[in-house]
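Shown next, in structure tokens, is the structure this report addresses.
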2 protein chains.
Amino acid sequence: MSDAPLIAGVELGGTKCVAILAQGPDSIQERVEIPTVSPEETLRAIEGVIDGWRGVAALGIASFGPVSIDRHAADYGFITSTPKPGWAGTDLAKRLAARYGVPAGFHSDVIGAALGEARWGAAAGLADLAYVTVGTGVGVGLIGRGRAVDGLTHSELGHIRPQRLPGDDWLGSCPFHGACVEGLASGPAIAARTGIKGADLASDHPAWDGVVHAIAQLLHAVTLTGVPRRIVVGGGVIVGSQFLLPRIRQALRRSLNGYVALSEIEDVDTFVVPAMLGHNAGPLGAIVLGQQALTGH
Amino acid sequence: MSDAPLIAGVELGGTKCVAILAQGPDSIQERVEIPTVSPEETLRAIEGVIDGWRGVAALGIASFGPVSIDRHAADYGFITSTPKPGWAGTDLAKRLAARYGVPAGFHSDVIGAALGEARWGAAAGLADLAYVTVGTGVGVGLIGRGRAVDGLTHSELGHIRPQRLPGDDWLGSCPFHGACVEGLASGPAIAARTGIKGADLASDHPAWDGVVHAIAQLLHAVTLTGVPRRIVVGGGVIVGSQFLLPRIRQALRRSLNGYVALSEIEDVDTFVVPAMLGHNAGPLGAIVLGQQALTGH
């Protein structure tokens, strides 16, 4: 690890940002948390931290979104149409790349976490995987051949509209789609449906059936992209209710029904695994983004 | 075009195979159709054709599946678990590559058609697109940065289980999943539901509502992968009932509900377009696979 380049990784979150100076998880030289306030104030605080670091070979930035990851677009490297007050149209990557004059990698926070788990976490050693987070929102990051699967924009597969359980006609909580996966299984959806936070909801509460089903339908779709050799699952809902993962695995197995006859998928206990890096997944993923920007692949 | 390498492209279909010797659509030097019978007889006939061709720089093979596109797997280049009698476990790519001693590209027929449409058809000039075919089956090919999006295997997104129209509880025709998109919208599904072939079904038949909805839900998911800048739609159901595409576009627009605020997607008439290359999409896609094998990217 000692000969790996030193990268400044920044994860921008809705409530706080994390900046780390690191080569990898075993060589984090600095780690600073910064509250997310206005864009200008937040970015100046981040710059104040990075200004003090020496030997930075590249930058990696993983941000809440939506973000523009389209290198053909004029707003590449920006947060685009977020409802977060003041943040729509904020330049992140061009500003920081210009300030430090080093290569800068940029992507969504979900892809950041996916890259972190792919390099050093629950899918270490695999070039093809998916990371699914179920928390305040539902996000999917697909990694193929070691890089983000994208094109026009980043994945928003958490907003697909799944098959429902028979007799379940709850309308869901997504302001755009109602009963999409995020509208059925996110933390706010669970709270809206039951009046109780997920972490406080008994494991035998019937609302979990719909949550498990919606997440399993998302994993069914993610599996059928063909990309992942493993699906890493994290986020507050999963971490807060540990009984969910075994149920999700069984629901996924029933839903796929043996259609893809590959051992990697059929062994569902190793195909769907919990995230390992916790709150460091995003910042470490930013390190990977910086490394990829440095090497050009 | 005259300085482009000469490629032998082979599309293996369930009823017939097409072998072409070409640089591209305007320079097809040979085109031979071969009935698909037993694997050995069919492959010998294909070899008999290619044996007579001179100057072949590379091979491209696009096949009905499922196929193994995982270069780490022992069965890379094989048709794997197909129900087609005699064809499971058939080596295609290794056999042909060894016989001719040239680089060989290999992928599913759907990715073949997608690459053909991406290079010379309805998405010419775009590196990021999806090709969706609705016919005997429902297939999705995703192309990102000019190459197949894959990993463990090729996409089978036609088998996601979509949200249903209110009150529609028809069980669907897929032997694995019942009411997945293929089980709701493929040609056999339409015939199973109505007793009438899709091409003969009146445009105001109520069964079309469920078909349009299922296809739109698939396009919703394909859009939310983030990959495509355009979705090219083809296959017998689409070609046979031209009134479908406008309905699918409107259903997709309603379903996404403005969630991805990008002009490429919001202009649904240019986002979802009909395939252009028809029966040559697959063989021409095989030419692209051969070109990619030759150049290594």
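The values are calculated or read from the model by the stated rules, or taken from the named source; none is laboratory data. In this text the structure is predicted, and so the values were computed from the model without any measurement. Note: ideal-geometry Cβ built from the backbone for every residue, glycine included; neighbour counts use all protein chains shown. Heads up: the accessible areas ignore ligands, DNA and RNA and are worked out on the full protein's heavy atoms, side chains in. Shrake-Rupley method; radii C 1.70, N 1.55, O 1.52, S 1.80 Å.
As a test, work out the antiparallel percent of DSSP beta bridges whose residues both lie in segment A:1-75, rounded to the nearest 5. Each step should come with its number before you reach the end.
Numbers: 13 of 19 bridges.
Bridges in segment A:1-75 are about 70 percent antiparallel.
Got a sec to turn the phi values of segment A:63-69 into Karplus ³J(HN,Hα) couplings, 6.51 cos²θ - 1.76 cosθ + 1.60 with θ = phi - 60°, whole Hz, x for Gly and Pro?
3J(HN,Hα) across segment A:63-69, in whole Hz: 10, 4, x, x, 10, 8, 10.
In whole Hz and in residue order, list the ³J(HN,Hα) couplings for segment A:225-230 that follow from phi through the Karplus curve 6.51 cos²θ - 1.76 cosθ + 1.60, θ = phi - 60°; x for Gly and Pro.
My calculation for segment A:225-230 gives 4, x, 6, x, 8, 7 Hz in order.
Per residue of B:249-255, how many C-beta atoms from partner chains lie within 10 Å of its own C-beta, taken as a mean?
Details: counts 0, 0, 0, 0, 0, 0, 6.
Shielding by partners across B:249-255 averages 1.
For helix B:109-120, report the angle its Cα long axis makes with the longest principal axis of the Cα atoms of chain B; keep it between 0 and 90° and round to the nearest 10°.
So the inclination is approximately 90 degrees.
Simple spin-label model, 7 Å along Cα-to-Cβ: B:Trp53 to B:Phe176 in nm?
Each label point is offset 7 Å from its Cα along the Cβ direction, giving 3.1 nm.
Once the protein assembly as shown is represented by equal point scatterers at the alpha-carbon sites, with solvent omitted, what log10 I(q)/I(0) does the Debye formula produce at q = 0.06 Å⁻¹?
Values, matching the q order: -0.31.
Once you keep just the Cα pairs under 8 angstrom separated by 6 or more residues, what percentage relative contact order results for segment B:122-274?
Relative CO of segment B:122-274 lands at 27 percent.
At a Förster distance of 35 Å, what's the computed FRET efficiency of B:Ile28 paired with B:Ser203, Cβ-Cβ distance as r, to 0.05?
Working from the Cβ atoms, E equals 0.45.
Taking a ≥ b ≥ c as the square roots of the Cα gyration tensor eigenvalues, with a/c under 1.5 meaning rounded and otherwise prolate when a/b beats b/c, else oblate, which class fits chain B?
Prolate shape, in that a/c is at least 1.5 and a/b is the bigger ratio.
Counting alpha carbon pairs within less than 8 Å and at least 6 residues apart, what relative contact order, in whole percent, applies to chain B?
On the way: 643 pairs, mean separation 65.7, N = 297.
Reported relative contact order: 22 percent.
Which value, to two decimals, describes the C-alpha radius of gyration of segment B:86-189 once divided by 2.2 N^0.38 Å?
Here the answer is 1.30, to two decimals.
Taking the Cα atoms of segment A:122-274, report the difference between the largest and smallest coordinate on each principal axis, in whole Å and largest first.
42, 33, 26
Along the Cα→Cβ direction, 7 angstrom out, place labels at B:Asp168 and A:Ala127. What is the inter-label distance in nm?
4.0
Could you go through segment B:263-274 in sequence order and give the Karplus-derived ³J(HN,Hα) for each residue, using 6.51 cos²θ - 1.76 cosθ + 1.60 with θ = phi - 60°, rounded to whole Hz, and x for Gly and Pro?
4, 4, 8, 5, 7, 5, 5, 9, 7, 10, 10, x
Collect residues whose amide H, placed 1.01 Å from N in the peptide plane, falls under 5 Å from the amide H of A:Ala275; neighbours closer than 5 in sequence don't count.
A:Val233, A:Gly234
Other chains near A:157-165: what is the mean number of their Cβ atoms within 10 Å of each residue's Cβ?
Details: counts 6, 1, 9, 12, 9, 6, 10, 3, 0.
Average per residue, whole number: 6.
Calculated from DSSP H runs of 4 or more alone, at -39500 (n - 2.57) each and per residue, what is the 222 nm mean residue ellipticity of chain B, nearest 500?
-10000 deg cm²/dmol
Could you please state how large a percent of the accessible area of chain B is carbon and sulfur, counting protein chains only and using a 1.4 Å probe?
Carbon with sulfur: 53 percent of the solvent-accessible area.
Modelled label-to-label distance, A:Ala74 and A:Thr270, 7 Å Cα→beta-carbon offset: nm?
5.1
If you count the DSSP beta bridges with both ends in segment B:122-274, what percent of them are antiparallel, to the nearest 5? If you can, show how the numbers build up before the last one.
Details: 9 of 16 bridges.
About 55 percent, rounded to the nearest 5.
In units of 2.2 N^0.38 Å, what is the alpha-carbon radius of gyration of segment A:205-297?
Normalised Cα radius of gyration, segment A:205-297: 1.24.
By how many degrees, 0 to 90 and rounded to 10, does the Cα axis of helix B:244-256 deviate from the longest principal axis of chain B?
70
Which whole-number percent gives the relative contact order of segment A:207-287, counting Cα pairs below 8 Å spaced six or more residues apart?
Relative contact order, segment A:207-287: 38 percent.
Roughly how many whole Å is it from the C-alpha centroid of segment B:69-92 to that of segment A:1-69?
After rounding, the separation between the Cα centres reads 46 Å.
To the nearest 10 degrees, how steeply does helix B:39-51 sit against the main Cα axis of chain B, on a 0 to 90 scale?
It works out to around 60 degrees.
Distances from A:Trp53 to the same position in the other copies: list them in nm, one decimal, shortest first, using label points 7 Å from Cα along Cα→Cβ.
In nanometres, ordered from closest: 5.2.
With springs connecting C-alpha atoms under 10 Å apart, model chain B as a Gaussian network and identify which of B:Ala202, B:Ala189, B:Ala123 has the largest mean-square fluctuation.
Largest GNM mean-square fluctuation: B:Ala202.
Once you average over the residues of B:257-264, how many Cβ atoms of partner chains fall within 10 Å of each Cβ?
5
For segment B:99-129 and segment B:218-262, what is the centre-to-centre distance using only Cα atoms, to the nearest Å?
Cα centroid to Cα centroid, the span is 21 Å.
Quick one: which residues, 5+ away or cross-chain, put their amide H under 5 Å from the amide H of B:Thr90? H built at 1.01 Å from N.
Amide H to amide H, under 5 Å and 5 or more residues apart or across chains, B:Thr90 pairs with B:Ile79.
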